[in-house]
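The values are calculated or read from the model by the stated rules, or taken from the named source; none is laboratory data. Because the structure is predicted, anything quoted here is derived from the model rather than measured. Cβ atoms come from the backbone with ideal geometry, glycine included; neighbour counts cover every protein chain shown. For accessibility, only protein heavy atoms count, side chains too; no ligands or nucleic acids. Shrake-Rupley method; radii C 1.70, N 1.55, O 1.52, S 1.80 Å.
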Amino acid sequence: PHLAALVLARGGSKGIPLKNIKLLAGVPLIGWVLRAAIDAGVFHSIWVSTDHDEIEKVAKQFGAQVHRRSPEVSQDSSTSLEAITEFLNHHHEVDIVGNIQATSPCLHPSDLIKVADLIQKEGFDSVFSVVRRHQFRWSEVKKGENKMTEPQNLNPAKRYRRQDWPGELYENGSFYFAKRHLIEKGYLQGGKMAYYEMRAEHSVDIDIDIDWPIAEQRVLSFGYFGKEPLKEVKLLVCSIDGCLTNGRIYVTEDHKEMVSYDYRDTVGIDLLKKRGIQVRLISDRDCSKTLSAMQLGCAAKVSVTNKLQVLKDWQEDMGLSWKEVAYLGNEESDVECLKQAGMSGVPADACAAAQKAAGYICKSRGGCGAVREFAEHIFLLLEKVNSARKQ
């Protein structure tokens, strides 16, 4: 049977405009679940249903196909079932739909693989995700009602300790898998049903986690970053013009060049060095005098015509794997380096080709703190590496 992953990503959002492609930890929100779906390797096709050009662009960038949904199912009042039904009406080859929520960025391929087995091999008609909660519930008393609240799932005289109570299962909204015949009857859950219990740390829902920075911390700690395990970064290579500087060159009357840079970025470089990470700089043009004036204490290569070759030479000389190399670039000349490095980033104002190739897009512009921000991103991922080692 044809199993299709379907991510519903409407352009309208009452809370956060274009939330589905807003950067979360340097990656468009929808990119996290698309990466997990692709790497799971269980789907015959992966789709994004949208009514917005920018969302379509990002979806294709991450390897998904796009179904342009109609205005009729793109309203605030439109339901997921209506959008899924429309998708099936246009794609008769699909037998099973795995509706994955774009707002669940901590989804892992291992979860999707197990769910695919439940519905394909064990014969369930629908499978949905849940998470275990240890929360005591009480009945609601509306204003003006003359009655007391009542316990719903506990005895107040004998409250459970957490370790003595198994808790309860709640839908976490991460995904809903269902067979075509069930959806055509108007159900996403029905027939022979099963739930799939996700780990609590993977149950991050952006619709609930309104505080975006908190959600970013959760994703950096528990998100899925790719098939290969993360390794500790040993080398950061940074493009000078447009990353360390803002790309502007000021020329005085006596033909001397001047550039500006952000002190925060020099602090970021110092912090990287203190963590044992080498920092090297690279540039298409001859800016040796500028580098000398900056006194950054970093090895540099200028007047470079082939940045990738220089990067390879440095990587081989240091005996590093590509997973141990990070690269910060901003121009088309950086694209191949961004693709090759295990960790890659670009400033907010990088060119479109560089943004497409990067794994992390900074909130800061070049020359305005992007290096420091990328350094902080590296430190957070190093914490993830160290945590995995301890486990």
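Okay, here's what the table says:
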read-out: Qualifying residue in the stretch 187-206 (condition: under 25 Å from Val48 (Cβ atoms) and open to solvent by 80 Å² or more (accessible area, probe 1.4 Å)); value: yes
read-out: Residue within the stretch 255-273 that is in contact (Cβ under 8 Å) with a residue 60 or more places away in the chain, in contact with a Ser or Thr (Cβ under 7 Å, 6 or more places away or on another chain) and either surrounded by fewer than 14 Cβ atoms within 10 Å (Cβ to Cβ) or of a type outside the set (A, V, I, L, M) (or both) present; value: yes
read-out: Qualifying residue in the stretch 307-317 (condition: farther than 19 Å from Gly342 by Cβ and surrounded by fewer than 17 Cβ atoms within 10 Å (Cβ to Cβ)); value: no
read-out: Residue under evaluation Arg365, criteria (1) touching a residue at least 60 places away in the same chain (Cβ under 8 Å); (2) touching a Leu at 6+ places or on another chain (Cβ under 9 Å), criterion not met; value: (2)
read-out: Subset of the stretch 23-56 (residues that are free of Cβ contacts under 8 Å to residues at least 40 places away in the same chain and in a loop (DSSP other than H, G, I, E, B)); value: none
read-out: Answer residue from the stretch 74-95, given it is among the hydrophobic types (A, V, I, L, M, F, W, C) and farther than 19 Å from Gly173 by Cβ and is surrounded by the most Cβ atoms within 10 Å (Cβ to Cβ) among those; value: Val94
read-out: Top-ranked residue of the stretch 34-69 - restricted to ones that are farther than 10 Å from Ala5 by Cα and among the aliphatic types (A, V, I, L, M), ranked as surrounded by the most Cβ atoms within 10 Å (Cβ to Cβ); value: Ala59
read-out: Verdict on Val131 being out of contact with any Ser or Thr (no Cβ under 9 Å at 6 or more places or on another chain) and either over 21 Å from Ala64 (Cβ atoms) or in the same structural domain as His67 (by the TED database) (or both); value: no
read-out: Criterion (in contact (Cβ under 8 Å) with a residue 12 or more places away in the chain, open to solvent by 60 Å² or more (accessible area, probe 1.4 Å) and polar (S, T, N, Q)) met by exactly one of Gln163, Gln152; value: Gln152
read-out: Pairs where the first residue, in the stretch 91-104, is over 21 Å from Gly31 (Cβ atoms) and in the same structural domain as Gly11 (by the TED database) and the second is in a loop (DSSP other than H, G, I, E, B) and at pLDDT below 95, C-beta under 9 Å, 6+ apart; value: Val94/Pro1; Asp95/Pro1; Ile96/Pro1
read-out: Subset tally (residues that are farther than 13 Å from Leu235 by Cα and of a type in the set (Lys, Arg)) for the stretch 251-292; value: 4
read-out: Some residue of the stretch 57-64 being on the phi < 0 side of the Ramachandran plot, without any contact (Cβ under 8 Å) to a residue 24 or more places away in the chain and out of contact with any His (no Cβ under 7 Å at 6 or more places or on another chain); value: yes
read-out: Segments classed as strands (runs of 3 or more DSSP E), wholly inside the stretch 287-355, with at least 2 members that are within 27 Å of the chain's Cα centre (by Cα) and at pLDDT 90 or above; value: 325-328, 343-346
read-out: Options Gly342, Gly329; residue that is surrounded by 17 or more Cβ atoms within 10 Å (Cβ to Cβ) and in contact with a Lys or Arg (Cβ under 6 Å, 6 or more places away or on another chain); value: Gly342
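Residue-by-condition table, conditions (1) part of a helix (DSSP H, G or I); (2) outside the structural domain of Ile16 (by the TED database):
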{"residue": "Ile183", "(1), (2)": "yes, no"}
{"residue": "Gly186", "(1), (2)": "no, no"}
{"residue": "Gln189", "(1), (2)": "no, no"}
{"residue": "Glu216", "(1), (2)": "yes, no"}
{"residue": "Gly242", "(1), (2)": "yes, yes"}
{"residue": "Arg248", "(1), (2)": "no, yes"}
{"residue": "Leu271", "(1), (2)": "yes, yes"}
{"residue": "Gly276", "(1), (2)": "no, yes"}
